[in-house]
Amino acid sequence: MCGIVGYIGSREACPILIEGLRRLEYRGYDSAGVAVMNGGTTRIVRCEGKLDRLAALVQREPPPGALGIGHTRWATHGRPSDENAHPHKFGRVAVVHNGIIENYLELRERLIAQGHAFTSETDTEIVAHLVHAALTAGAAPLAAVQAALQQLRGVYALCLVIDGVTDRFYCAKKEVPLILGFGDDEHFAAADIPAIIQHTRRIAALEDGDIAEVRRDGITIRDADAREVQRPIREVQWSAAMAEKEGYKDFMLKEIYEQPRAVADTLRGRVTPGMGAVHLDGLLTGGAPWRRVFLVACGTAFHACLVGKFLIEQLARIPVETDLASEFRYRDPLIGPGDLFIAVSQSGETADTRAALLEAKQKGAVVWAVTNVVDSSIARLADAALYTYAGPEIGVASTKAFTTQLVVLHLLALALAERREALPAASIATEIATLVALPHQMQTVLQRAPQCQAVAQALVQSDEWLFLGRGLNYPIALEGALKLKEISYAHAEGYPAGEMKHGPIALVDDAMQVVGIVPQGPYYDKVISNLEQIRARGGALTAIATEGDAAICRLATQVITIPAAVPRVQPALTVLPLQLLAYYVADGRGLNVDQPRNLAKSVTVE
């Protein structure tokens, strides 16, 4: 949500800022801008709309200088407009900001009473005014930034440049991600790694309360108590090429096809084929003493949690609660010592999930994270982290992050079962074998993409969809509906197939597209019965079914097949046709698949 890039070095800053912002477009935005320092004075160029418009403005009259900050804004306070676009400047201070300043109205009223005039509707402009006021009162630049931050309530990632201070820019972070990049005679700041990966792989993440002075010759970081600190620098293991489309039309399509590789990478080193043992990064060495497990997440990650509940309860026989992170804190949850809380988040920065983790930790639970991003804030706050190895996911609609989350939760279920002796070693070895075979089966499904494309072309104008599944495939019905609504803007709902006659069947007519997830397994006959009721009422039916199923071919208008698989790994297969179906419907409508309207990749504010 929103993008930040900062640069200081020997090169022209503006092209670096624009290119970095392009690599953050997946985060979602409605306006963009840059501020570049030259001769001690900052020049700002900003506008509503996409980066192409900003690029055209700076191309006509490039702002020179080797120090600058840039931003893509996703509107929170104030409508998308040129005036509300970042950077904001008052006096000597220009600022870009991700997050929300909760007490901005109170601060704004106080500043107006002191004679300040505001030119935007944003909360961000407050920061420039506060820093300028401290400078005017005689504070040195760093002290002025510190004084301003002490007055803020809320969450933020900030980058600031100050006229007359030509050798550095300032960064600050509280509960919103901000990273620093270490180059040769140049240094960077960014909201996320892709913005700067083409320039450096040496990255450090700021901690909450940190303030950094970023100079050409180095970076100084101070913590919330103004003590100079060192934050660990790590080498990013993926390359800039991994964040490119590599010939695919869209990042989402590329990431759909990367899933067999991503799942294989997530399994690598954690299982040994032929043996009943799971190696979870050194966790569970002391057993599995927990009385309950809580799986908490938002959006697509929550659907992975619903699958994880089935897996842990079936295999390890431990009761599991699943919660939407945005609701978890507000029900005063009964959680504490003896419970294991697992936060699931692709980015590791999801604000609601982070807050839920802190709530569980404060109440005494052991807290773990399942995330794709090493050193993300949720991973650092957790007692332990289980990483998925999906690689960078650029498309806003999550795909490979979801399937790798399914695999990690499956491995966790097996590891808990092993430690609790809930399954014999032979059964665990058999389960491992099904996971090892999964990447090849996923590849087989993806080879059937033309089937999905043909179905999408036939249904591209449909605006009402109902996705039905049972058991482990009920969460996949939810995920299929979410994918379609995210990128095609069609109205879609996911339901347990058995609940269809308790309300949703009233919606069924010849305009309603029903997608039934009906692979062979323990729920097959029940789902077939539910789908017969749909067909009897004139509903148009598409089925995701096991190859060779003749009965479903007589019932459904269109069928997309998956290989035969044991039920516990079916979700990672049945979701693939639904991802492709959503993609091809959106593409057929001429929509921007990677940057759907109103959405952001990482939701870092509540």
Exercise. Are any residues in the range 563-580 of a type outside the set (Ser, Thr, Tyr) and in contact with a strand residue (DSSP E or B) (Cβ under 6 Å, 6 or more places away or on another chain), and if so, which ones?
Worked result: Ala564, Leu573, Pro577
Problem set entry | So Thr122, is it outside any strand (DSSP E or B), of a type in the set (S, T, N, Q) and open to solvent by 10 Å² or more (accessible area, probe 1.4 Å) | no
Exercise. Hey, any hits in the range 380-394 for a residue that's within 13 Å of Val296 (Cα to Cα) and at pLDDT below 90?
Worked result: no
Exercise. If you go through the range 386-438, how many residues are within 30 Å of Arg22 (Cβ to Cβ), part of a helix (DSSP H, G or I) and of a type in the set (A, V, I, L, M)?
Worked result: 1
Problem set entry | Scan of the range 40-53 for residues that are farther than 18 Å from Gly6 by Cβ and either open to solvent by 50 Å² or more (accessible area, probe 1.4 Å) or in contact with a helix residue (DSSP H, G or I) (Cβ under 9 Å, 6 or more places away or on another chain) (or both), ordered by number | Cys47, Glu48, Lys50, Asp52, Arg53
Problem set entry | Subset of the range 541-558 that is in a strand (DSSP E or B) and touching a residue at least 40 places away in the same chain (Cβ under 8 Å) - its residue that is least open to solvent (accessible area, probe 1.4 Å) | Thr542
Seminar exercise, completed: Only one of (1) in contact with a strand residue (DSSP E or B) (Cβ under 9 Å, 6 or more places away or on another chain); (2) touching a residue at least 60 places away in the same chain (Cβ under 8 Å) does not apply to Glu486, and that is (1)
Problem set entry | Options Thr371, Thr350: the member that is open to solvent by 10 Å² or more (accessible area, probe 1.4 Å), modelled with pLDDT under 95 and under 13 Å from the mean Cα position of the chain (by Cα) | Thr350
For this session: Determine if the range 388-402 includes at least one residue that is of a type in the set (D, E, K, R) and more than 17 Å from the chain's Cα centre (by Cα).
Result: no
Exercise. Which residues, counting only those in the range 559-573, are of a type in the set (Gly, Ala, Ser), open to solvent by less than 10 Å² (accessible area, probe 1.4 Å) and either over 29 Å from the mean Cα position of the chain (by Cα) or more than 19 Å from His410 (Cα to Cα) (or both)?
Worked result: none
For this session: Could you run through the range 100-110 and say how many residues are open to solvent by less than 10 Å² (accessible area, probe 1.4 Å) and not in a loop (DSSP other than H, G, I, E, B)?
Result: 2
For this session: Taking the residues in the range 90-117 that are of a type outside the set (A, V, I, L, M) and in contact with a helix residue (DSSP H, G or I) (Cβ under 8 Å, 6 or more places away or on another chain) as candidates, determine which candidate is nearest to Val36 (Cα to Cα).
Result: Arg92
For this session: Test Tyr29 against the criterion of being among the aromatic types (Phe, Trp, Tyr), open to solvent by less than 30 Å² (accessible area, probe 1.4 Å) and within 19 Å of Ser120 (Cα to Cα), and give yes or no.
Result: yes
For this session: Give the residue, chosen from Ala117, Ala56, Ala94, Ala113, that is among the small types (Gly, Ala, Ser) and buried (at least 17 other Cβ atoms within 10 Å of the Cβ).
Result: Ala94
For this session: Could you tell me whether the range 315-335 includes any residue that is hydroxyl-bearing (Ser, Thr, Tyr), farther than 21 Å from Val374 by Cβ, buried (at least 18 other Cβ atoms within 10 Å of the Cβ) and out of contact with any Phe, Trp or Tyr (no Cβ under 9 Å at 6 or more places or on another chain)?
Result: yes
Exercise. Are any residues in the range 357-393 under 19 Å from Thr266 (Cα atoms) and in contact with a Pro (Cβ under 9 Å, 6 or more places away or on another chain), and if so, which ones?
Worked result: Asn372, Val373, Asp375, Ser376, Pro392
Problem set entry | Residues being touching a residue at least 40 places away in the same chain (Cβ under 8 Å) and assigned to a loop (DSSP other than H, G, I, E, B) - total across the range 351-368 | 1
Exercise. Which one of the conditions (1) within 23 Å of the chain's Cα centre (by Cα); (2) open to solvent by less than 40 Å² (accessible area, probe 1.4 Å) does Ala85 fail to meet, given that it meets all the rest?
Worked result: (1)
Problem set entry | strands (runs of 3 or more DSSP E) completely within the range 153-268 that count 1 or more residues being surrounded by fewer than 21 Cβ atoms within 10 Å (Cβ to Cβ) and free of Cβ contacts under 8 Å to residues at least 24 places away in the same chain | 218-222
For this session: Please go through the range 70-81 and pick out each residue that is open to solvent by 30 Å² or more (accessible area, probe 1.4 Å) and either within 18 Å of Cys14 (Cβ to Cβ) or part of a strand (DSSP E or B) (or both).
Result: none
Problem set entry | In the range 410-436, residue nearest to Leu472 (Cα to Cα) [restricted to those that are open to solvent by 50 Å² or more (accessible area, probe 1.4 Å) and among the small types (Gly, Ala, Ser)] | Ala433
For this session: Scan the range 532-573 for residues that are more than 18 Å from Trp465 (Cα to Cα) and of a type in the set (S, T, N, Q) and jot them down.
Result: Thr546, Thr561, Gln570
For this session: Count, please, the residues in the range 505-540 that happen to be assigned to a helix (DSSP H, G or I) and either among the β-branched types (Val, Ile, Thr) or open to solvent by less than 10 Å² (accessible area, probe 1.4 Å) (or both).
Result: 6
For this session: Count, please, the residues in the range 1-26 that happen to be within 21 Å of Phe251 (Cα to Cα) and open to solvent by 40 Å² or more (accessible area, probe 1.4 Å).
Result: 3
For this session: State all residues of the range 483-503 that are surrounded by fewer than 24 Cβ atoms within 10 Å (Cβ to Cβ), of a type in the set (Gly, Ala, Ser) and more than 20 Å from Thr399 (Cα to Cα); if no residue qualifies, say none.
Result: Gly498, Gly503
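The values are calculated or read from the model by the stated rules, or taken from the named source; none is laboratory data. Since this is a predicted model, take the numbers as computed values, not measurements. Using ideal geometry, Cβ is built from the backbone for each residue, glycine included, and neighbour counts are taken over all protein chains shown. Accessible surface areas use protein heavy atoms only, side chains included; no ligands, DNA or RNA. Shrake-Rupley method; radii C 1.70, N 1.55, O 1.52, S 1.80 Å.
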